[in-house]
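See structure below.
Derivation of every value follows stated rules applied to the coordinates shown; laboratory data play no part. Predicted, not measured: the structure shown is a model, and the values here were computed from it. Neighbour counts are summed over all protein chains in view; Cβ atoms, including those assigned to glycine, are modelled from backbone coordinates with ideal geometry.
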Amino acid sequence: MSLLTWVDLVYLLAAIGFILALKGLSSPKFARQGNMLGAGAATLAIAMTFTIPSVRHAGSRLILMVVAMIIGTAIAVPAARRVKMTAMPQMVAIFNGVGGGAAALVSMTAFLILTSHDSFTGKPAVYKIVEVILGILIGCVSFSGSAIAFIKLQELITGRPITYPAQQVINAFVGIAIVGLAVATILTANVALLVVMSVLALVLGVIFVLPIGGADVPVLISLLNSFTGLAVAASGFSLGNNLLIIAGTLVGASGILLTRMMSKAMGRSLANVLFSAFGSVVTASGGADGAGADARPVKVGTPEDIGVLMAYARKVVIIPGYGLAVAQAQHTARELADLLTERGVEVFYAIHPVAGRMPGHMNVLLAEANVPYDELKEMDEANPELATADVALVVGANDTVNPAANNTPGSPIYGMPIIHADLAQHIVFLKRSMRPGFAGIDNELLYDPKTTMLFGDAKDTLTKLVAAVKSA
Amino acid sequence: MTVGIIELLTIFVLAAFVGNEVVSKVPSILHTPLMSGTNAIHGIILVGTMAILGQAQGDVQTILGFLAVLLATLNVVGGFVVTDRMLEMFKAKPSDRPAKSAGTPEEPGQGGATS
């Protein structure tokens, strides 16, 4: 067998490794081994790539290659080791963006090599150019889109949808220009046209993500992840590399599936999630309501009152949100839950599918605090229980319990399934302030007569509640 | 490595079905590790960037190839490390721990880890 056949064979093994790695994720028990298997498969494929003659005999470029890999590893390992679990979505967004960027660069360079080859006469086959265009287009959108998603998640810019005049016209113009340039590139194989198209694709990624509201970012990250997968697959077509096609397509398909599951969890279509900010100015009126509502009275309780309320309750449901994560209060929440359980109170956590900043984020955070699985209940499982709950303790959550999702048709979150904290006998909000949540809309539940507010950092207020329950 | 477009398309379509099938069985509790794990898997573009840098001619192609290798390394290494860190936490199953009654004494250690 020739060396290249061996390479392809090892690539096939690596592809099987990736499929098994994804399969491992079906249960928490085998997930970690699965991931290790995936990492092993990747290492094997990379090692084998060094034996390909064009890589092995690349001379100074081989040295550059190793240098780039060393620099990349030196940056990635500490970044991945140190990132806080709360900042995980940003981290995934960055790693996803650079992957998309790499795929776009591969497609671009593959095109340059193709057209600058000594033996090159005339124009490459149309399908070759189409593969390159797809790789660049999807890769660039994923790169710049992920960058904006990162900036939004890091709260360097507002999480609210960003709209500007003539947005639809500008977007349509960029879209049409890209299609026009793509067609022109296919006809002429001109490198300059392709470069202009790449720049416009980067612009498209930015203007595509800007109008997407913060609450919808979990769906967005999932979609961008899928884009990078497809860009990698397109690069695989250009290079005739089976492994890239299989790995990229696996990710593309799984990302699209996850994106659809997420939109369903928000009770909206994917199109609605991505494009709802266009043309509708409901968010602005929501903001105005919020400003006016600040004057309305809310009931503020003391930790002692709330501690007694919970200590003598039969059933307490803890509804965690991103505020709990920001305050790193997951450990204190568990302490409170354990204390209540010891007193014979039934306690469980009700987790909204989009609580946090990415799909399943809250589960990771509570797992970090060693909260046992059987105390975590999915929304559908938790909602029937809330009507019989004595206390719904909402810790740093807001949008996921906002009844506006059910009863205010104009609201940006209208139609999103919520956790029905409003059904409980008493509702306790642990919140920093009256500020609205990530979606930027006011919550009527805060003014409900059944609701008691306890303002402050989630960790501080929970610590006070622990003390209050102990002495109750 | 000169394979016809139809063969490549066949692989693409079959992989799409496999991806859909495998991922539909992942429980929502593992959705974050799933995203992070798939994110790491598409980092295998590193293999493609290596091939490209190997064939590059001239400064422009070499610079683009170098950047591509760098970005892809960030993706694949960071992706797998971050996913491993997450999944490590999931290994603690409720039955493995001597139940919640022992929860309070371990709290100081837990608190230290948060800062």
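The phi torsions of segment A:346-356, fed into the Karplus equation with coefficients 6.51, -1.76 and 1.60 and a -60° offset, translate into couplings of 7, 10, 8, 9, 9, 10, 6, x, 10, 5, x Hz, rounded to whole numbers, with Gly and Pro shown as x.
Here's the list of lysines a cross-link from A:LYS152 could span, going by alpha-carbon distance under 24 Å and ignoring same-chain residues fewer than 8 apart: A:LYS84, A:LYS264, A:LYS431. Restricting the chymotrypsin sites (Phe, Trp or Tyr not before Pro) of segment A:289-362 to loop positions (DSSP other than H, G, I, E, B) with no more than 14 neighbouring Cβ atoms within 10 Å leaves A:TYR312. Checking every one of the chymotrypsin sites (Phe, Trp or Tyr not before Pro) in segment A:373-437 against DSSP loop status and a limit of 13 other Cβ atoms within 10 Å picks out no site at all. When you restrict to C-alpha pairs under 8 Å that are six or more residues apart and normalise by the size of chain A, the relative contact order lands at 14 percent. Among the chymotrypsin sites (Phe, Trp or Tyr not before Pro) found in segment A:95-160, those both in a DSSP coil and sparsely packed, with 16 or fewer other Cβ atoms within 10 Å of their Cβ, are A:PHE120. With respect to chain A, whose longest principal axis is taken over its alpha-carbon atoms, helix A:60-82 is tilted by about 0°. Within the shell defined by Cβ-Cβ distances under 14 Å, the residues around A:LYS23 carry a net charge of +2, with Lys and Arg each +1 and Asp and Glu each -1. Per residue of the protein assembly as shown, the DSSP helices (runs of n ≥ 4 H) give a summed -39500 (n - 2.57) that works out to -21000 deg cm²/dmol at 222 nm. Ranking of A:SER254, A:SER144 by neighbouring Cβ atoms within 10 Å, starting from the fewest: A:SER144, A:SER254. Note on A:222-234: average number of Cβ atoms from other chains within 10 Å of each residue's Cβ is 4.
What does the structure give for A:85-95 when I average, per residue, the other chain Cβ atoms found within 10 Å of the residue Cβ? The partial results should precede the final answer.
Working: counts 5, 0, 0, 7, 3, 0, 5, 10, 1, 4, 16.
Taking the mean over all residues of the peptide, I get 5.
Peptide A:35-47 has a mean of 5 when you count, residue by residue, the C-beta atoms of other protein chains within 10 Å of its C-beta. With the alpha-carbon atoms of chain A aligned to their principal axes, the span from lowest to highest coordinate is 84, 50, 34 Å, starting with the largest.
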